[in-house]
Amino acid sequence: MEGHLERDGHKTWYRVVGDLDPDALHAPLVICHGGPGATHDYVEPIAELHRSGRACVLYDQLGNGNSDHLPDADPSFWTTQLFKDELSALVDHLGIGGRYHVLGQSWGGMLAMDHALDHPPGLLSVVAADSPADADAFARGAVSLLDTLEPDVKATILRHEEAGTTDDPEYTTAVQEFYVRYVCRLDPWPDALVRSFDKMEADPTVYGTMNGPSEFTVIGPLREWTIVDRLGEIDVPLLLISGEFDEVRPDVVRVIDERAPNSEWVLFEGCSHTPHLEAPDRFLRTVEEFLERVETPAG
């Protein structure tokens, strides 16, 4: 089932995979993509979780993919609160506010954890895959990874960023060296991931405004985002997933696991920032088992 959520004259596209039955055994799962400014395409494989009878909701956040694009919006329009409000409105629009889970990947996990801090009454759990609780800590960790690249590759990246020529093909080629180590280690990249990157490149409005030119150069307002001091307030079960070679470094994820009261953390060996693509069977099984434990009362 596909549809649109309309708010303030703007349309957000969504698709429900599976049957959104209010009497279903398993609560629906809303899947939030990353970026900010990516699309649902690369997280679409996670909707395979519908195989257990659990409806999965995919959507493109405003400004991206099949949702309305607003390239001329004032930069101040793009805020974390905008996307939190959109997520809450989508949950209400679908009529699942009484009982649901949220899974977010990268920025989507940041959004999901921030959503949990509003204590929506029907939220059962959050899965934050490859997500930090502090954007500045993430950025510093990612920058440190530049030192693992060949010196000439790192120099090319820094030269173009300093000159403001990040649209140069030479820069794109150099950045890809980082991405194939720390974003997705599969060769070739899955079509789903390529589609999301292509769509971000076609309209970089949201990513460029909120984040910056690359994964490791976070110069937009997102850099100020942090919920570290509020992690103790997350009162639903929280599953953390990250990769051994993730651009979100393990020490960044560890902070969440240590401070969130009801969290568990699974580190995927051999994976980078996209374990759901690099080790899909294990990822789906890990999430499936977590969601079922949350829904099954102890005793």
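The values are calculated or read from the model by the stated rules, or taken from the named source; none is laboratory data. This structure is a prediction, so every number in the text was calculated from the model and none was measured. Counting neighbours? That spans all protein chains shown, and the Cβs are built from the backbone with ideal geometry, glycine included. Keep in mind that these areas ignore ligands, DNA and RNA; they rest on the heavy atoms of the full protein, side chains included. Shrake-Rupley method; radii C 1.70, N 1.55, O 1.52, S 1.80 Å.
Go through the stretch 36-95 and give me each residue that's of a type in the set (A, V, I, L, M) and within 23 Å of residue 214 (Cα to Cα).
38, 43, 62, 70, 73, 82
When residue 62 is evaluated against the numbered criteria (1) closer than 15 Å to residue 6 by Cα; (2) aliphatic (A, V, I, L, M); (3) in a helix (DSSP H, G or I), which criterion, by number, is the only one it fails?
The single condition residue 62 does not satisfy is (3).
Do you know which residues across the stretch 167-190 are open to solvent by less than 50 Å² (accessible area, probe 1.4 Å) and assigned to a loop (DSSP other than H, G, I, E, B)?
Listed by number, the residues that qualify are 183, 184, 189, 190.
Limited to the stretch 112-138, what total is found for residues that are closer than 20 Å to residue 206 by Cβ and touching an Asp or Glu at 6+ places or on another chain (Cβ under 9 Å)?
4
What number of residues within the stretch 1-51 are part of a loop (DSSP other than H, G, I, E, B), touching a Cys at 6+ places or on another chain (Cβ under 9 Å) and either free of Cβ contacts under 8 Å to residues at least 12 places away in the same chain or open to solvent by less than 20 Å² (accessible area, probe 1.4 Å) (or both)?
Matching residues across the stretch 1-51 total 1.
Would you please name the residue that is surrounded by the fewest Cβ atoms within 10 Å (Cβ to Cβ), looking only at residues in the stretch 131-166 that are of a type outside the set (A, V, I, L, M, F, W, C) and under 23 Å from the mean Cα position of the chain (by Cα)?
144
Tally the residues that are among the aliphatic types (A, V, I, L, M) and assigned to a loop (DSSP other than H, G, I, E, B), restricting the search to the stretch 230-262.
Qualifying residue count for the region: 4.
Tell me which of these residue 108 doesn't satisfy, since it passes every other one: (1) open to solvent by 10 Å² or more (accessible area, probe 1.4 Å); (2) part of a helix (DSSP H, G or I).
Single failed check for residue 108: (1).
What are the pairs with Cβ atoms under 6 angstrom where one residue, in the stretch 88-101, is under 9 Å from residue 120 (Cβ atoms) and the other, located anywhere, is open to solvent by less than 40 Å² (accessible area, probe 1.4 Å) and not in a loop (DSSP other than H, G, I, E, B)? Sequence gap at least six, or different chains.
Pairs that qualify, where the first residue is under 9 Å from residue 120 (Cβ atoms) and the partner is open to solvent by less than 40 Å² (accessible area, probe 1.4 Å) and not in a loop (DSSP other than H, G, I, E, B), are 97/91.
Any residue in the stretch 191-214 that's open to solvent by 20 Å² or more (accessible area, probe 1.4 Å): show its pairings with residues that are β-branched (Val, Ile, Thr) at Cβ separation under 9 Å, as long as the two are six or more apart or on different chains.
195/39; 199/39; 200/39; 200/206; 201/172; 213/166; 213/175; 213/219
Taking the condition of being among the hydrophobic types (A, V, I, L, M, F, W, C) and out of contact with any helix residue (DSSP H, G or I) (no Cβ under 8 Å at 6 or more places or on another chain), how many residues in the stretch 85-106 meet it?
Looking only at that region, the number is 5.
Check residue 293 against each of (1) open to solvent by 40 Å² or more (accessible area, probe 1.4 Å); (2) in a helix (DSSP H, G or I); (3) closer than 28 Å to residue 186 by Cβ and name the one condition it does not meet.
Just one mismatch for residue 293, condition (3).
When the residues of the stretch 215-229 are filtered to those that are part of a helix (DSSP H, G or I) and under 18 Å from residue 108 (Cα atoms), which remaining residue is least open to solvent (accessible area, probe 1.4 Å)?
222
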